[in-house]
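Just below is one structure, and these are the notes that go with it.
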Amino acid sequence: MGPVELLHMSVFSQSFSPCGRFLAAGNNYGEIAVFSLSAALSPDATAQSQKPVLTFSAHEGPVFSLLSNDCHLLSAGSGEVSCWSWAELIKKNTKPLWTKRPNYKSSLEIPEINSMTFNSRDNSLVLAGGDNNVHILDLERGLFKSVLQGHSDYVHCVSVRGREGEILSGGEDGAVRMWDSRTGQCVHCIEVHKYESCARPQFGKWISCVTTDSDWMLCGGGPSLSLWHLRSLSPTSIFPLIGCQRQTSFYQDMILAVGDGPAVSHCLLGGEVKAQIPCSPQSLNTLQLNTNSTDYRVLTVGGSSDHIDVFTNLSYRTFSFSF
């Protein structure tokens, strides 16, 4: 890849291997790179340890989402989901196990799949579609079993409430919809931009990120990042972050958020921004915490650059991987 392509690279997605020793990252050119955390964090690490051990072409368009389960890596691109065996990738075999496409209305449209998550209650994969729908793939049978219809524009993000098995989706139409995964019915619709405390008309109404933890939801995009209590369906904290947030995570008694701007924001649940930790990319798309390994427990962050920042301690960047 030439210097011009590297200059215009964006990292959209990341996922750690089940063993926690490897990180997969997807970029805007349809490539997935696999990095070795064990090599990069070893006392004998060199500059070469921060380069991929494997790079391969996964999709024709950008790799918008990556996800791992016990033994597989799943990637979502323009209109399709592919699956690889982690064991084979580590051996540098890049042949996918399968590639599947949702049943789109027209064969002419290739809507991107912007986000995906597992629903462990029924062993399914939940996909956020650029065709305004949420698609459900039954992983046991390898078939798309249902389509959740209700959004009037792109679906940007999906999340699953573990205990309840409820699916949450956020879209360009400004709505966060809550779905009963058994019936496929929408049970609640929150229009975040209609709440005065959250609204930021200058940024629009679109919802770019939704994260859940039991009875709590984080969502943001055009509206300010906000924390909601799902039983009362009301916002409890609004975070005074500049620009649009693209990914968030609950971490212990904090919230981590990335989006416009070159920093990871550490926020307290009450709404206070505790710290903003500088990163190398000028804007950020993805953050991942490695909970699969105690030896390589790191935070990784990617965005508008060919670099992925690695934090061994949440308060400073230790080094960067690069494509």
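Take the stretch 150-165 and flag every residue that is among the polar types (S, T, N, Q) and touching a strand residue (DSSP E or B) at 6+ places or on another chain (Cβ under 6 Å).
So in the stretch 150-165, the residues among the polar types (S, T, N, Q) come out as 152, 159.
SER159, the sole residue that qualifies.
Residue under question is VAL187, and the condition is that it be in a strand (DSSP E or B), within 28 Å of LEU284 (Cβ to Cβ) and β-branched (Val, Ile, Thr); does it hold? Don't jump to the end; show me each part of the working.
Values: in a strand (DSSP E or B): yes; within 28 Å of LEU284 (Cβ to Cβ): no; β-branched (Val, Ile, Thr): yes.
Taking the combined requirement at face value, the residue does not satisfy it.
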For ILE255, which of the numbered conditions (1) over 25 Å from CYS157 (Cα atoms); (2) without any contact (Cβ under 8 Å) to a residue 40 or more places away in the chain fails to hold?
-> (1)
Of the residues in the stretch 298-313, those that are more than 24 Å from PRO3 (Cα to Cα), in contact (Cβ under 8 Å) with a residue 24 or more places away in the chain and open to solvent by 10 Å² or more (accessible area, probe 1.4 Å) number 1
Search the stretch 314-323 for residues being without any contact (Cβ under 8 Å) to a residue 60 or more places away in the chain and within 18 Å of ALA39 (Cα to Cα), and hand back the single one that is least open to solvent (accessible area, probe 1.4 Å).
-> THR318
For the stretch 166-187, how many residues meet the condition of being surrounded by fewer than 16 Cβ atoms within 10 Å (Cβ to Cβ) and either under 16 Å from MET116 (Cα atoms) or acidic (Asp, Glu) (or both)?
-> 1
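Please go through the stretch 249-270 and pick out each residue that is open to solvent by less than 10 Å² (accessible area, probe 1.4 Å) and either over 22 Å from ARG161 (Cβ atoms) or polar (S, T, N, Q) (or both). So that I can check it myself, show each step before the final result.
Of the stretch 249-270, the ones open to solvent by less than 10 Å² (accessible area, probe 1.4 Å) are 255-259, 264-265, 267.
Result: VAL258, GLY259, VAL264, SER265.
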Among HIS72, HIS59, which is open to solvent by 30 Å² or more (accessible area, probe 1.4 Å) and either modelled with pLDDT of 95 or more or within 20 Å of the chain's Cα centre (by Cα) (or both)?
-> HIS72
From the list SER38, SER106, which residue is more than 21 Å from ILE167 (Cα to Cα), free of Cβ contacts under 8 Å to residues at least 24 places away in the same chain and of a type outside the set (D, E, K, R)?
-> SER106
Residue among GLN276, GLN288 that is surrounded by fewer than 17 Cβ atoms within 10 Å (Cβ to Cβ) and either touching a residue at least 60 places away in the same chain (Cβ under 8 Å) or assigned to a strand (DSSP E or B) (or both) | GLN276
Within the stretch 109-120, the residues that are open to solvent by less than 50 Å² (accessible area, probe 1.4 Å) and either polar (S, T, N, Q) or touching a residue at least 60 places away in the same chain (Cβ under 8 Å) (or both) are ASN114, SER115, THR117, ASN119
Tally, over the stretch 46-64, of residues that are without any contact (Cβ under 8 Å) to a residue 60 or more places away in the chain and either small (Gly, Ala, Ser) or in a loop (DSSP other than H, G, I, E, B) (or both) = 12
Residue count for the stretch 213-245, restricted to those that are open to solvent by 20 Å² or more (accessible area, probe 1.4 Å) and in a loop (DSSP other than H, G, I, E, B) | 7
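The values are calculated or read from the model by the stated rules, or taken from the named source; none is laboratory data. Here the structure is a predicted model, which is why all the values come from computation and not from measurement. Note that we place each Cβ from the backbone using ideal geometry, even for glycine, and neighbour counts take in every protein chain shown. Please note that ligands, DNA and RNA were not included when accessible areas were found on the heavy atoms of the full protein model with its side chains. Shrake-Rupley method; radii C 1.70, N 1.55, O 1.52, S 1.80 Å.
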